[in-house]
Structures are given as C-alpha cells and as structure tokens.
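Here, each number is a calculation from the coordinates, and none is a lab measurement. As the structure is a prediction and not an experimental result, all values here were calculated from the model. Because the Cβ atoms are built from the backbone with ideal geometry, glycine has one as well, and the counts that use them run over all protein chains shown.
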Amino acid sequence: MTKVSTLPKDKVASFLGAMAKQLAPPPPPVQDPIEKAANFLDMLAQRWADEKEFEDFADYQKAMAKNLPEGSTDVKMTKRPFEVRYTDKEGVRRFIRIQRNRVVWGQIVKK
C-alpha cells in the first residue's frame, strides 16, 4: 500500500498562486499616449503618400482625432506639413508633425 501525504489547503493555494504568476505572460508595456498618437500619425502619413489620389483627407482627420490622448480638443490637421495640432486636457497646445521622415512632437509656445 502506498502512503499519500497531503498538504494543508493554504499551502497548496499559495503554491498554485506562485506558479500562476510565474507562468502568466508579462503585462504589455505601457505606451505613452503622445507616442502612440505619433506612431499613428506616422502610419497615416505613409498611407496618405500612397493613397492621396483616392482617399478623402477628412477621413484621416477623423481617425487622427480618435487616436489622440484622451481629452484632446481643438484638433486641426494639415497635409503640408503632415501635422496635427490639438489642445490637451490640461489646456496646453501641442503638435505632432512628420518632419524629414521623422516624427516630432512638442508644445506650441506663443511668442
């Protein structure tokens, strides 16, 4: 006859919880909302370069407005330069622009 040892329930739960943490995939990296919007603008610029004869720029403006940081208002987008300007939820005027095949962003400072 084989003797089976049993563990207390609290130790089993602790062990299973530790194993689940080890086996769970790591959480996805948190992406900065402005960086996310900048990547989206870059994708739009590349698409616009290929599709400008066939697509309406207003659709690009709507898509960009949906991909800006939460609470953004007063959104304006231009083709040349390929850029979006908006006011963030703190009231700061910002821009994201494609410049020399790079994405740049910052705060608009009035002189």
Report task. Can you work out which of the residues in the stretch 31-71 that are touching an Asp or Glu at 6+ places or on another chain (Cβ under 8 Å) and in a loop (DSSP other than H, G, I, E, B) is farthest from VAL104 (Cα to Cα)? Result -> GLY71
**Report entry** Any hit, the stretch 98-108, residues being touching a strand residue (DSSP E or B) at 6+ places or on another chain (Cβ under 8 Å) and surrounded by fewer than 10 Cβ atoms within 10 Å (Cβ to Cβ)
**Finding:** yes
Query raised in the report: Does GLY71 meet the test of being on the phi > 0 side of the Ramachandran plot, free of Cβ contacts under 8 Å to residues at least 40 places away in the same chain and within 19 Å of the chain's Cα centre (by Cα)?
Result: yes
Report summary line: Subset of the stretch 78-101, residues outside any loop (DSSP other than H, G, I, E, B) and more than 14 Å from MET43 (Cβ to Cβ), comes to THR78, GLU83, ARG85, TYR86, THR87, ARG93, ARG94, PHE95, ARG97, GLN99
